[in-house]
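The structure's right below; bear with me while I get my questions together.
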Amino acid sequence: MTKGIFYSVGVGPGDPELITLKAVRTLERCPVIAAPQTKSGEMLALSIARQAVDMDGKEILPLHFTMTRDRAQQHAAHEAAAQEVARRLDEGRDVAMLNLGDVSIYATAMYLAQILSERGYETRMIPGVTSFCAVAARLNESLTDMNTTLHIVPGSSAQALSETLSMPGTKVLMKSGRQLPGVLKELERADLLHTSAMVCNCGLPGEQVYHDLSEYPAETSAGYFATIIVREG
């Protein structure tokens, strides 16, 4: 029996109108849709995709991942998810795994794609609109001009930001919400608060937009999906 193909599909940052036609057609074609599911049962990427694609008749495969930073636990979760996907591929069914944003930027789907590829399965990537590009559009600002360097870094470690903020060009700090107090302190120390902007939950319910982080109310919770853009001072 011919094995199925594993597709990593970017569904964009939240606005279903930003899902590409190629992503829609891939999801329409695949009989199995895999999506990350939180402990509370939420499947955000699936809820976004449902607004663009009719999922009737498809198998929805929830995948569970850990938020711990322990490498061994992370790998075990990826292996378990890949095994569930492989069972469907062995039946000759294509599987599309939904991924917020783009599948090449801090994407969980790529861990599974690597495991499956090493086991001999065919894998393909369907790109999506990145969160930071959507954030820049929401702010109505360009990330670069012809000669500007662009740095994309995780905002999860405030301690490592000092060196990043000293580099020339525009800095994008991804998923900064959980470390926001430390990130704000580093931005203040570098005198970059007034040239920094943030969008939380871009394209999702509860979206918050801050054009100038020097005016950000410190007591406000940013949530997990917070993207900060730091322009050169």
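Could you tell me which numbered condition L139 fails, if it satisfies all but one of (1) in the same structural domain as D212 (by TED's automatic domain parsing); (2) crowded, with 19+ Cβ neighbours inside 10 Å?
Result: L139 fails condition (2) only.
Name every residue in the range 212-223 that is more than 20 Å from the chain's Cα centre (by Cα) and surrounded by 14 or more Cβ atoms within 10 Å (Cβ to Cβ), in order of residue number. I'd like the intermediate steps shown before the answer.
Residues of the range 212-223 more than 20 Å from the chain's Cα centre (by Cα): 212-220.
Hits for the range 212-223 are L213, S214, Y216.
Can you name every residue in the range 68-111 that is within 21 Å of the chain's Cα centre (by Cα) and of a type in the set (S, T, N, Q)?
T68, Q73, Q74, N99, S104, T108, listed by residue number.
Please work out which one of (1) closer than 26 Å to I152 by Cα; (2) at pLDDT 95 or above; (3) in contact with a Ser or Thr (Cβ under 8 Å, 6 or more places away or on another chain) is the condition Q74 fails and give its number.
The single condition Q74 does not satisfy is (2).
Let me ask another. Taking the stated definitions as given, is R50 modelled with pLDDT under 95, within 18 Å of the chain's Cα centre (by Cα) and among the charged types (D, E, K, R)? First the steps, then the outcome.
Numbers: modelled with pLDDT under 95: no; within 18 Å of the chain's Cα centre (by Cα): yes; among the charged types (D, E, K, R): yes.
For R50, the condition - modelled with pLDDT under 95, within 18 Å of the chain's Cα centre (by Cα) and among the charged types (D, E, K, R) - is not met.
Here's another thing I want to ask about it. Every residue in the range 157-188 that is under 11 Å from T227 (Cα atoms) and of a type in the set (G, A, S), please.
Result: S176, G177.
A further question follows. Scan the range 121-146 residue by residue and report those that are more than 28 Å from C200 (Cα to Cα) and either without any contact (Cβ under 8 Å) to a residue 24 or more places away in the chain or hydroxyl-bearing (S, T, Y) (or both). If you could, list the steps in order and put the result at the bottom.
We begin by selecting, within the range 121-146, every residue more than 28 Å from C200 (Cα to Cα); these are 121-124.
Listed by number, the residues that qualify are Y121, T123.
Is it true that A80 is in a helix (DSSP H, G or I) and either within 19 Å of F225 (Cβ to Cβ) or touching a residue at least 12 places away in the same chain (Cβ under 8 Å) (or both)? Full working, then the answer.
Details: in a helix (DSSP H, G or I): yes; either within 19 Å of F225 (Cβ to Cβ) or touching a residue at least 12 places away in the same chain (Cβ under 8 Å) (or both): yes.
Yes, satisfied.
Also, quick follow-up: With the requirement that a residue be surrounded by 14 or more Cβ atoms within 10 Å (Cβ to Cβ) and out of contact with any strand residue (DSSP E or B) (no Cβ under 9 Å at 6 or more places or on another chain), what does the range 113-130 give you?
I115
Restricting the search to the range 91-108, which residues are in contact with a Leu (Cβ under 9 Å, 6 or more places away or on another chain) and within 14 Å of G12 (Cβ to Cβ)? Step through it out loud before you land on a result.
Pass one, the range 91-108, residues in contact with a Leu (Cβ under 9 Å, 6 or more places away or on another chain): 95-98, 100, 107-108.
Listed by number, the residues that qualify are L98, L100, A107.
The values are calculated or read from the model by the stated rules, or taken from the named source; none is laboratory data. Just so we're clear, the structure is a prediction, and the values are computed from it rather than from any experiment. A quick note on method: Cβ atoms are made from the backbone with ideal geometry, for glycine too, and the neighbour counts reach across all protein chains shown.
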